[in-house]
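What follows is a short report on a single structure.
The values are calculated or read from the model by the stated rules, or taken from the named source; none is laboratory data. Predicted, not measured: the structure shown is a model, and the values here were computed from it. A quick note on method: Cβ atoms are made from the backbone with ideal geometry, for glycine too, and the neighbour counts reach across all protein chains shown. Just the protein is used for accessible areas: all its heavy atoms, side chains included, with ligands, DNA and RNA removed. Shrake-Rupley method; radii C 1.70, N 1.55, O 1.52, S 1.80 Å.
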Amino acid sequence: MASSLSFSAIGNYGSPSCMAVADRGSGGGGGTTFGQATFWKNSKSRELGIVSVATDLPPVVQQLPLKEVAKERKLAAWTSVRQDRWEGELVVEGEIPQWLNGTYLRNGPGLWHIGDYNFRHLFDGYATIVRLHFENGRLIMGHRQIESDAYKAARKNNKLCYREFSEVPKHDNFLSYIGDLANLFSGASLTDNANTGVVQLGEGRVVCLTETIKGSIVIDPNNLNTLGKFEYTDSLGTFVHSAHPIVTESEFLTLLPDLINPGYLVVRMEPGSNERKVIGRVECRGGPSPGWVHSFPVTEHYVIVPEMPLRYCAQNLLRAEPTPLYKFEWHPESKGFMHVMCKASGKLVASVEVPLFVTFHYINAYEDKDEDGRLTRVIVDCCEHNANPAILDKLRLQNLRSWSGEDVLPDARVGRFKIPLDGSPNGELVDALNPDEHGRGMDMCSINPTYLGKKYRYAYACGAQRPCNFPNTITKIDLEEKKAKNWYDEGSVPSEPFFVARPGATKEDDGVVISMVSDKNGEGYALILDASTFEEIARAKFPYGLPYGLHGCWVPKR
Ligand SMILES: CC1=C(/C=C/C(C)=C/C=C/C(C)=C/C=C/C=C(C)/C=C/C=O)C(C)(C)CCC1
Ligand SMILES: [Fe+2]
């Protein structure tokens with residue numbers, strides 16, 4: 001197994017002095033070796049309170065009295081990645097199961113400034129992909145920037161060149177402003193910064209994704225090299241899609257919102273193909289434009305198309321300055337709907353009005369039968385923000401970085417939609433369990449993928465231990481018992497818990513849950529929990545804290 005060290009600096013970075021102290025509390029000098037990388041570990045510097053403070057670029061080594069250290073240290077989660085790449089073996093505390101062989105990839109926005117310009121929103125950052133490669137109990141970590149056109153242009157020109165989630169390039173003159181608007185209509189000025197997730201297609205290609213279709217970028221999971229754009233060969237011709245396609249060994253399903261004639265195309269792509277084929281189309285029932293479809297759920301036979309009252313807004317797309325809801329608008333009067341489409345025929349089997357909701361992430365869905373085995377309804381579970389879109393603004397970097405200790409995270413829950421298939425006009429939305437079980441925080445979820453679209457019992461997500469300004473626990477939700485088990489490390493922010501099943505497992509929760517944690521000292525570690533007991537079984541410290549990441553995928557050892 002090769003473990004190499006490589007790093008190159010972002011911006012003014014050039015010196016390995018940014019390396020963080022590499023042990024976990026054990027004092028003493030000398031070096032700790034990760035692969036070929038030796039990290040400086042010196043008790044003298046700790047007494048002096050010399051810390052590598054993870055603030056904005058460039059990193060500075062400051063001398064502080066010890067009691068100030070804790071105050072000055074910041075979560076790496078909201079801080080730009082220190083350098084554009086690193087790779088090395090990590091020291092593992094505890095034991096990684098021998099059966100866990102493969103690679104966990106996690107993508108997210110990791111670089112929030114260019115030159116001296118600072119981005120404002122979490123979702124604006126240039127993509128940083130992190131790789132945890134597990135092999136026979138050992139763990140190799142690597143991270144790298146994804147070389148999208150937007151990232152390369154920003155690095156080359158030292159300024160923002162494409163329209164990101166909330167940021168828009170500044171124009172030197174009126175002509176360039178008009179050019180940008182024209183490019184917006186052709187999609188050319190939209191970003192391809194693939195910072196939202198990563199999936200492995202049925203035939204093996206690994207693709208990083210965001211909400212713009214052009215932001216589909218193929219990478220090599222072994223070295224995180226950017227291989228090029230994933231070019232769709234069809235001519236469906238829209239600009240945006242769901243950032244969370246449903247990907248299995250046999251298909252890739254996604255939704256294409258139509259912003260001109262409000263509706264959604266439901267499309268499917270075969271493994272090995274680059275051509276999406278239309279399964280069917282859903283017309284919007286409310287509002288001037290489609291609801292935001294960051295993700296959507298499926299059952300074994302149906303694709304569910306959610307029509308959320310938080311809708312895309314063409315005017316906001318054109319604006320130079322962010323609005324409180326960015327490219328979206330809240331239209332409670334337009335109501336919320338759930339449409340159920342048969343995957344095989346493209347026919348709509350239900351279209352019901354549901355209570356208002358705000359959901360970015362669907363957990364799972366399944367077909368529910370009565371005692372006689374007759375299909376009566378579809379159940380859809382999601383991370384639901386109590387019909388309040390305020391969470392989007394809470395994810396501004398300033399809010400995340402400047403937490404004063406108040407309990408400011410809006411409440412969220414596991415929302416359960418019950419969608420009747422008997423022609424009734426309305427569906428229900430209820431709490432799947434008491435939200436206090438998970439601290440009324442709920443997002444960034446995963447399940448055992450074998451249960452995708454089927455009746456299931458367990459979900460893993462980020463919950464809350466209050467007070468907090470961001471989900472700060474990992475929670476295992478038992479939807480049968482309506483209970484949650486919670487993992488918490490004071491002051492830390494864990495990323496989406498990702499479930500990996502033990503090969504040959506027959507129980508739904510037989511496996512591990514992987515997360516990457518930003519701790520209160522500005523450092524970070526990979527965490528492995530036993531999914532069944534929810535006890536920690538291993539952790540491995542990173543050479544330095546990493547920025548918060550969004551979504552990942554598992555690439556099994558071939
Ligand atoms: C670049 C353009 C857009 C981009 C949209 C993007 C990048 C959306 C990303 C959305 C994400 C990452 C949502 C995650 C939500 C997580 C939550 C709510 C976590 C809560 C924790 O408590 C468009 C906006 C599509 C417009 C075109 C340009
Ligand atoms: Fe997402």
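A compact table of results
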| quantity | calculated |
| --- | --- |
| Single residue of Phe230, Phe185, Phe165 found to be on the phi < 0 side of the Ramachandran plot, modelled with pLDDT of 95 or more and surrounded by fewer than 21 Cβ atoms within 10 Å (Cβ to Cβ) | Phe230 |
| Residue among Pro471, Pro467, Pro497, Pro503 that is under 30 Å from Trp78 (Cα atoms) and either open to solvent by 40 Å² or more (accessible area, probe 1.4 Å) or acidic (Asp, Glu) (or both) | Pro467 |
| Condition broken by Asp510, with the remaining ones in (1) over 24 Å from Gly441 (Cα atoms); (2) of a type outside the set (A, V, I, L, M, F, W, C); (3) within 16 Å of ligand 1 (Cβ to nearest atom) satisfied | (3) |
| Residue match in region 489-512 (condition: among the polar types (S, T, N, Q), within 16 Å of ligand 2 (Cβ to nearest atom) and assigned to a loop (DSSP other than H, G, I, E, B)) | yes |
| Positions within region 188-206 being part of a loop (DSSP other than H, G, I, E, B) and away from ligand 2 (no atom under 14 Å from the Cβ), in sequence order | Ala188, Ser189, Thr191, Asp192, Asn193, Leu201, Gly202, Glu203, Gly204, Arg205 |
| Residue in region 542-550 that is within 16 Å of ligand 1 (Cβ to nearest atom) and of a type in the set (A, V, I, L, M, F, W, C) present | yes |
| Residue check, Ser242 in a loop (DSSP other than H, G, I, E, B), of a type in the set (Gly, Ala, Ser) and within 12 Å of ligand 1 (Cβ to nearest atom) | yes |
| So Glu523, is it open to solvent by less than 50 Å² (accessible area, probe 1.4 Å), more than 21 Å from His361 (Cβ to Cβ) and out of contact with any strand residue (DSSP E or B) (no Cβ under 6 Å at 6 or more places or on another chain) | yes |
| Considering residues of region 249-286 that are of a type in the set (Lys, Arg) and surrounded by 15 or more Cβ atoms within 10 Å (Cβ to Cβ) only, the residue nearest to Cys342 (Cα to Cα) | Arg281 |
| Qualifying residues in region 463-488 (those that are within 21 Å of the chain's Cα centre (by Cα) and either within 16 Å of ligand 2 (Cβ to nearest atom) or of a type in the set (D, E, K, R) (or both)) - the one farthest from Val513 (Cα to Cα) | Phe470 |
| Every pair of residues 6+ apart whose Cβ atoms lie under 8 Å, when the first sits in region 345-357 and is farther than 24 Å from Val267 by Cβ and assigned to a loop (DSSP other than H, G, I, E, B) while the second is open to solvent by 60 Å² or more (accessible area, probe 1.4 Å) and modelled with pLDDT of 95 or more | Pro355/Glu428; Leu356/Lys335 |
| Condition check for Val218: closer than 28 Å to Leu105 by Cα, within 16 Å of ligand 2 (Cβ to nearest atom) and in contact with a strand residue (DSSP E or B) (Cβ under 9 Å, 6 or more places away or on another chain) | no |
| Tally, over region 417-462, of residues that are within 16 Å of ligand 2 (Cβ to nearest atom), open to solvent by 10 Å² or more (accessible area, probe 1.4 Å) and in a strand (DSSP E or B) | 4 |
| Selected residue [farther than 18 Å from Gly415 by Cα and within 16 Å of ligand 2 (Cβ to nearest atom)] from Phe296, Phe328, Phe360 | Phe328 |
| Whichever residue in region 370-389 is touching a strand residue (DSSP E or B) at 6+ places or on another chain (Cβ under 7 Å) and open to solvent by 30 Å² or more (accessible area, probe 1.4 Å) and, among such residues, is farthest from ligand 1 (Cβ to nearest atom) | Asp370 |
| Identity of the residue in region 309-344, within 14 Å of ligand 1 (Cβ to nearest atom) and in a strand (DSSP E or B), that ends up surrounded by the fewest Cβ atoms within 10 Å (Cβ to Cβ) | Phe328 |
| Number of the condition not met by Arg106 [criteria: (1) among the charged types (D, E, K, R); (2) open to solvent by less than 20 Å² (accessible area, probe 1.4 Å); (3) more than 16 Å from ligand 1 (Cβ to nearest atom); (4) touching a Gly at 6+ places or on another chain (Cβ under 6 Å)] | (3) |
